[in-house]
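Novice: This is the structure I want to talk about, given as structure tokens.
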Amino acid sequence: MSDSKNIVNFPDHGTIEAEAALWVIRLENDKMSAESHAEFQAWQRLSPYHREALSRLTTLWSDFDILENLASQFRENDIFEESVKTSRTRAIPWRGMGSIAAGAIVMFGAAFWYSKNHHPAAKPVSTFATAAPQHYETAVGVQKAVNLPDGSKVLINTDTSLDVAFSASRRDVYLRRGEAFFDIVHDAKRPFTVVANKRLIRDIGTAFAVHLMDHVVEVAVAKGSVELARSNNASGPSEKKLGVFGAGTSIAFDEKIERSEQISQEDMSRRLSWREGVLDYDGEPLSKVLADFTRYSGVDFELRDESLKQFPVGGHFEISKLDRVFLALTNFGLRAKWLDARHVMLYSANDAATAKSGPPTGVSAAQ
């Protein structure tokens, strides 16, 4: 007799396709709870087949308006909040899996067959003429709004460098340094991809922010959803898909997903408050706040007491008036000592030894 422990269960591709179809519809509905978001991430981690099916069906969803009728039917039948066990005893949050899965598979299968067998007349090359790459860069403390040729909009944050390369078949933005917010006009035939040091963020009808950091890329999805991937070649045969993430998600990733969390609308607004010219904090550690101040001012901060790094800070700071930060910090019992025109030491108001030395000649705390 064979040992059941040695039996290898091959993936049921039909079930995976059906589940992927249902997740796509839930993402489109754009109202997933934090619990549903966690279930979605767990489902994607089950195998590469799950992620590939989701990626493929997400693209098909964008291509065929007829699928909206399927989503409406599903919503009318209240299938989103129910659950049923699969043959692998793993729960998925819908009932009526048999007929619904069959309908989803038939619908997506029909869409796939149509895309393979019906080829619309090619548009003249001049319609999507390849444009020369455009370079955009901002200085420290400067932001810039850019309207792209396809109608998409980019808000470029402080000390950021990026290149925009559009062609007849694709739209790519190469983020070389810094941070930007993208509000994308979706076009499934010309995918929009942000490339940040071999990490790929691909639009699926989205508005999102991308921040290129030393070791990871941070993404905040304001609406819609994005597909994340890692590749040694941005054009992608070696591309490793990491998953699809919906609105309200904050992600940090590199070779793999380092962090993924569903955050409230309030927290998302605070995280993206820089778009309004404000830095908004609600108990963030002082080390994080000072790192942000450095990005926007070019001033480096030093803490005399390392324990101050975790000091919680809250409040609104106007980016254009960061010279008033030092006055605000006095409300937290902190004092500033200028070491030179670009370096400041922060210390506790109770640190008398540091206070006696005072700022260097010719340097004021208002610089």
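The values are calculated or read from the model by the stated rules, or taken from the named source; none is laboratory data. Keep in mind the model is a prediction, meaning the values are calculated, not measured. No Cβ is skipped: glycine too gets one built from the backbone with ideal geometry, and neighbour counts run over all protein chains shown. Side chains are part of the model used for accessible areas, which takes the heavy atoms of the whole protein and leaves out ligands, DNA and RNA. Shrake-Rupley method; radii C 1.70, N 1.55, O 1.52, S 1.80 Å.
Novice: How much of the accessible area of region 254-349, in percent, comes from carbon and sulfur atoms when a 1.4 Å probe is used?
Specialist: Using a 1.4 Å probe with all protein chains present, region 254-349 comes out at 46 percent carbon and sulfur.
Novice: Keeping all protein chains in the complex and leaving out DNA, RNA and ligands, what accessible area do you get for S269 with a 1.4 Å probe, in Å² to the nearest 10?
Specialist: 70 Å²
Novice: What accessible surface, in Å², does a 1.4 Å probe find on L346, ignoring ligands, DNA and RNA and rounding to the nearest 10?
Specialist: In the full protein context, L346 sits at about 0 Å².
Novice: Round to the nearest 10 and report in Å² the accessible area of L327, as given by a 1.4 Å probe over the protein chains' heavy atoms.
Specialist: Taking all protein chains as shown, L327 has close to 130 Å².
Novice: A further question follows. What is the gain in length, in nm to one decimal, between E258 and E52 on full extension, counting 0.36 nm per residue of separation less the C-alpha to C-alpha distance?
Specialist: Working: separation 206, 0.36 × 206 = 74.16 nm, distance 1.99 nm.
Working it through step by step, the gained length comes to 72.2 nm.
Novice: Would you please put 188-198, 255-265, 174-184 in order of how densely packed they are, using the mean number of other Cβ atoms within 10 angstrom per residue and starting with the highest? The partial results should precede the final answer.
Specialist: Details: 188-198: 18.5, 255-265: 13.9, 174-184: 20.1.
Going by the mean number of other Cβ atoms within 10 Å, highest first, we get 174-184, 188-198, 255-265.
Novice: Right, next: Leaving out ligands and nucleic acids, and using a 1.4 Å probe, what accessible area per residue does region 159-253 come to in Å²?
Specialist: Solvent-accessible surface per residue comes out at 33 Å².
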